[in-house]
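Chemist: One structure is given below, represented as structure tokens, and several questions about it will come after.
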Amino acid sequence: MDADKQKGLEVDSPYVDLAVEVFSMLADATRVRIVLALREGELPVNALAEAVGKSPAAVSQHLAKLRLARMVGTRHEGQRVFYRLVDEHARQLVADAIFQAQHSVDNLPPHHLTQNAVSVPES
């Protein structure tokens, strides 16, 4: 419990309101898809647009919001801009949300099938 307090995980944490802003930022399917597309590394806008099935202009608007929220960062290479996740937390948050969604649909969600296949001890 003390370790949780040191990490800011108390009910009265000053980070609660900021956490709500993170959730609201991810309360959009296109932004969740962008985070998923960026989980393996950086991509330019056109590749992200193709990956998420939206126009480059729409993806750029979503990326601007994710940048303001400090969830994605950029790297410039000539005229091209590459986007990347700033840290692992957005990726993990989206993964956990999808895993939670799998629980509401499947009796044995796919993420448990993978874990069970790896963790079954041999006799």
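The values are calculated or read from the model by the stated rules, or taken from the named source; none is laboratory data. Remember, predicted model here, so these are calculated numbers, not experimental data. All Cβ positions, even for glycine, are placed from backbone atoms using ideal geometry, and neighbour counts span all protein chains on display. Just the protein is used for accessible areas: all its heavy atoms, side chains included, with ligands, DNA and RNA removed. Shrake-Rupley method; radii C 1.70, N 1.55, O 1.52, S 1.80 Å.
Chemist: Note down the relative contact order for the chain as a percent, whole number, built from C-alpha pairs under 8 angstrom at least six residues apart.
Modeler: In percent, rounded to a whole number, it is 20.
Chemist: With every atom except the alpha carbons ignored, what do you get for Rg and Dmax of the chain, in angstroms?
Modeler: When restricted to the Cα atoms of the chain, Rg and Dmax are 17.5, 58 Å.
Chemist: Return the sequence-ordered ³J(HN,Hα) values of the stretch 12-25 in whole Hz as given by the Karplus equation 6.51 cos²θ - 1.76 cosθ + 1.60 applied to θ = phi - 60°, using x for Gly and Pro.
Modeler: In residue order, the calculated couplings are 9, 4, x, 8, 4, 5, 5, 4, 4, 5, 4, 4, 5, 5 Hz.
Chemist: Give me the percent of the accessible area of the chain that comes from carbon and sulfur atoms, probe 1.4 Å, all protein chains in place.
Modeler: Result for the chain: 54 percent of the exposed heavy-atom area is carbon or sulfur.
Chemist: Tabulate in residue order the Karplus-calculated ³J(HN,Hα) for the stretch 91-108, using 6.51 cos²θ - 1.76 cosθ + 1.60 with θ = phi - 60°, rounded to whole Hz; enter x for Gly and Pro.
Modeler: Rounded to whole hertz, the list is 4, 5, 4, 5, 4, 5, 5, 5, 4, 5, 4, 4, 5, 7, 10, 10, 5, 10.
Chemist: Per-residue ellipticity at 222 nm for the chain, helices alone: DSSP H runs ≥ 4 residues times -39500 (n - 2.57), over residue total, nearest 500 deg cm²/dmol?
Modeler: So the calculated ellipticity at 222 nm is -18000 deg cm²/dmol.
Chemist: Rounded to the nearest 0.05, what FRET efficiency do L9 and E40 give with R0 = 25 Å and r taken as the Cβ-Cβ distance? Could you check?
Modeler: 0.30
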